[in-house]
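To start, the structure itself, in structure tokens.
The values are calculated or read from the model by the stated rules, or taken from the named source; none is laboratory data. Computed from a predicted model, the values in this text were never measured in an experiment. Cβ placement follows ideal geometry from the backbone for every residue including glycine, while neighbour counts extend to all protein chains displayed. Please note that ligands, DNA and RNA were not included when accessible areas were found on the heavy atoms of the full protein model with its side chains. Shrake-Rupley method; radii C 1.70, N 1.55, O 1.52, S 1.80 Å.
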Amino acid sequence: MATHQVKKLAEGRKHQNMQNDTKASQGQWGRAWEVDWFSLASVLFLLMFAPLIVYYFIMSCAQYQCSLTDPVLDLLMGNKHLSDIWNSTPMLTYKAAGIYSLWVTFQVVLYVFIPDFCHKFLPGYVGGVQEGAVTPAGVVNKYEINGLQAWIITHVLCFVNASCFHFFSPTIIFDNWIPLLWCANILGYAVSTFAMIKGHFFPTNAKDCKFTGNFFYDYMMGIEFNPRIGKWFDFKLFFNGRPGIVAWTLINLSFAAKQQELYGEVTNSMVLVNVLQGIYVLDFFWNEAWYLKTIDICHDHFGWYLGWGDCVWLPYLYTLQGLYLVYHPVQLHAAHAVGVLMLGLLGYYIFRMTNHQKDLFRRTNGKCRIWGKKPEYIECSYMSVDGTKYYSKLMTSGFWGWARHFNYTGDLMGSLAYCLACGFEHVLPYFYIVYMTILLTHRCLRDEHRCSSKYGKDWKRYTAAVPHRLLPGVF
């Protein structure tokens, strides 16, 4: 009996050690295993206030001509009560619910049931079935890359409707903007809750799940790394890439159509916003296969942060410039317009070329030329959950020799251009650059903390070779 108990204790210690090893190894990827008080406070703040922030911005445009201070002043001075503002807000309608349900269903059909054909006739485009990065458990998922195709089909149908059939108005999105907000919230919360339940009871891969024991943190940051239904419906790729980003350009076009309807013209500022953000969206879909290697797919778990964020935060706050220009049409001076265009294109060039250098380096395993020279790099290694040792290379030349996240620098330049296109009369259009600065700075720090845990002393060698994060010589 004593021998049996000793054996049981030894097995228990072995099992505990295996769990600890797994946690240590998985800690290299994704979110935390344990939640400190600051992280929990941040999570609770976002869960409570992020939906209110979105509502406040959209409401301020609809009721206060995009002024962010007037609603607060009205309430403080007693001119209005919260109930007055809420009662003036359009509610959910059957029409909006029908539009949104049809939209999401259509994007699901395009995503799951229509294999990509664009890669067969577009030179340089990578589509069809592609492999993602290795997960913490050592799994390599396959994806059907067909986002560009979905974007093209969707926009062609909308243009055909606008020019020929007139089944619905081009301003339909703007005209139902707030009722559609309630639909987006319903989907965002529904998919986040389903992902939470799925992670607990029927995960796609149990070894790629993380539990902290804290309900709020697990709900927000997600439990499953790659929740899927069937072989091809991947939650992260679908909600990150569709339906929000496909809708982004349609939303802007609807705003432009509303400006034409109200004022008889589309201003050059609205054209700039449509063009610059359209380039960004098309770039995303052209490089969707590359997106499989980014932090969103490779490291984030799927929870409220991605589920609700992709359904609500992205389509409603990333399009604020276009919405603002409906209420405040701005006709820029030629020099101002050209300056905004140049800033946006330069930012896009830096963003794209920086990512291109990294992708080329990765695809060729360093056997390529960056700026006419052989690339310099730091060799490093890391371990997966199953104990397999992997080797990697971190480039220290080209744009990646200037700063460790110089692609984010280009992204921020483009973000600033969107805001500058709206002039200087109101603060609201500039929320985007403030948010993106916070987001990308935080992402830098989060990514580097993970890389430090993952690569150890090799990461210190890398940061010594490339000392700055975003701005060479500054930060």
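Below is a table of values for the structure above.
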read-out	value
Residues being in contact (Cβ under 8 Å) with a residue 12 or more places away in the chain, over 20 Å from the mean Cα position of the chain (by Cα) and outside any helix (DSSP H, G or I) - total across the stretch 405-449	6
Residues of the stretch 156-171 that turn out to be surrounded by 15 or more Cβ atoms within 10 Å (Cβ to Cβ) and part of a helix (DSSP H, G or I), as a count	3
Per-region count, the stretch 55-92, residues part of a helix (DSSP H, G or I), among the hydroxyl-bearing types (Ser, Thr, Tyr) and open to solvent by 50 Å² or more (accessible area, probe 1.4 Å)	2
Among residues of the stretch 172-181, those that are within 14 Å of residue 89 (Cα to Cα) and assigned to a helix (DSSP H, G or I), counted	6
Helices (runs of 4 or more DSSP H) fully within the stretch 219-329 counting 1 or more residues that are over 20 Å from the mean Cα position of the chain (by Cα)	244-263, 268-286, 320-327
Pairs with Cβ under 8 Å, 6+ apart, first in the stretch 321-333 and closer than 17 Å to residue 251 by Cα and touching a residue at least 12 places away in the same chain (Cβ under 8 Å), second open to solvent by less than 20 Å² (accessible area, probe 1.4 Å) and among the β-branched types (Val, Ile, Thr)	321/273; 322/251; 322/273; 323/58; 325/267; 325/273; 329/267
Residue among 133, 97 that alone is modelled with pLDDT of 95 or more and either assigned by the TED database to the domain that holds residue 285 or exposed (fewer than 15 other Cβ atoms within 10 Å of the Cβ) (or both)	97
Condition check for residue 214: in the same structural domain as residue 150 (by the TED database) and either closer than 27 Å to residue 45 by Cα or not polar (S, T, N, Q) (or both)	yes
Evaluation of residue 184 against (1) aliphatic (A, V, I, L, M); (2) modelled with pLDDT of 95 or more; (3) open to solvent by 40 Å² or more (accessible area, probe 1.4 Å) (one fails), failing number	(3)
Residue within the stretch 110-117 that is surrounded by 16 or more Cβ atoms within 10 Å (Cβ to Cβ) and part of a loop (DSSP other than H, G, I, E, B) present	yes
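For (1) open to solvent by 10 Å² or more (accessible area, probe 1.4 Å); (2) in contact (Cβ under 8 Å) with a residue 40 or more places away in the chain, each residue gets a yes or a no:
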residue	(1), (2)
234	no, yes
238	no, yes
254	no, yes
257	yes, yes
266	yes, no
277	no, yes
280	yes, yes
305	yes, yes
314	yes, yes
